[in-house]
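Q: Here's a structure for you.
The values are calculated or read from the model by the stated rules, or taken from the named source; none is laboratory data. Computed from a predicted structure; not experimentally measured. Quick reminder, even Gly has a Cβ in these numbers, built from the backbone with ideal geometry, and neighbours come from all protein chains shown. Remember, those area values only see protein heavy atoms, side chains included, never the ligands or the DNA or RNA. Shrake-Rupley method; radii C 1.70, N 1.55, O 1.52, S 1.80 Å.
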Amino acid sequence: MIKSILSKSATSKDSSGNASSYKMKIIVSLDVLENNELIKNKVFLKDINYDKLSSNFALSQYENILTKDLTNEIKSEIINFLRTIKWLKNILN
């Protein structure tokens, strides 16, 4: 089972009180089950800080790119984690 959370928060504001920088965070919780029993749980976390861009459209586009990049990093970590579990299972059997 996989659960994920994407959050974005302002980390600083300008003199007018508008956000000038942000932090994006992706958390993925992975439960590995075998015969409906939990054999391993792992949480993957990636985050990044970035500055506000001049237009909301450009900021939105940039955030989409960041989301894809962070997701790809987590995806690679999950694949490596699952390979390790498979390798350990083969060694122990």
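So that you can scan it fast, the table gives a plain yes or no per residue for (1) among the polar types (S, T, N, Q); (2) touching a Pro at 6+ places or on another chain (Cβ under 8 Å); (3) closer than 20 Å to THR11 by Cα; (4) not in a strand (DSSP E or B):
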position	(1), (2), (3), (4)
LEU33	no, no, no, no
LYS40	no, no, no, no
SER54	yes, no, yes, yes
LEU66	no, no, yes, yes
GLU73	no, no, no, yes
GLU77	no, no, no, yes
LEU82	no, no, no, yes
LEU88	no, no, no, yes
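Q: Going by what's in this entry, would LYS86 be described as modelled with pLDDT under 95 and open to solvent by 100 Å² or more (accessible area, probe 1.4 Å)?
A: Here the answer is yes, as LYS86 does meet what is asked.
Q: A further question follows. Within segment 32-48, can you find the residues that are modelled with pLDDT of 95 or more and either charged (D, E, K, R) or more than 22 Å from ILE78 (Cβ to Cβ) (or both)?
A: LYS42, LYS46, ASP47
Q: Follow-up question, since we're still on this one. Mind checking which residues of segment 1-24 are among the polar types (S, T, N, Q) and under 30 Å from LEU82 (Cα atoms)?
A: SER4, SER7
Q: For the subset of segment 19-73 comprising residues that are open to solvent by 70 Å² or more (accessible area, probe 1.4 Å) and of a type in the set (Phe, Trp, Tyr), which member is nearest to MET1 (Cα to Cα)?
A: Step by step, filter segment 19-73, then rank; the result is TYR62.
Q: Open to solvent by 100 Å² or more (accessible area, probe 1.4 Å) and at pLDDT 95 or above: does that describe LYS13?
A: Answer is yes for this residue.
Q: Let me ask something additional. Note down all Cβ pairs under 6 Å where the first residue falls in segment 1-29 and is in contact (Cβ under 8 Å) with a residue 40 or more places away in the chain and assigned to a strand (DSSP E or B), the second is of a type in the set (A, V, I, L, M, F, W, C) and open to solvent by 60 Å² or more (accessible area, probe 1.4 Å), and they're at least six residues apart or on different chains.
A: If the second residue must be of a type in the set (A, V, I, L, M, F, W, C) and open to solvent by 60 Å² or more (accessible area, probe 1.4 Å), the pairs left are ILE26/LEU6.
Q: Can I ask one more? Contact list please: Cβ distance under 8 Å, first residue in segment 75-92 and acidic (Asp, Glu), second residue open to solvent by less than 100 Å² (accessible area, probe 1.4 Å), pairs at least six apart or on different chains.
A: Within 8 Å, the pairs are GLU77/PHE44.
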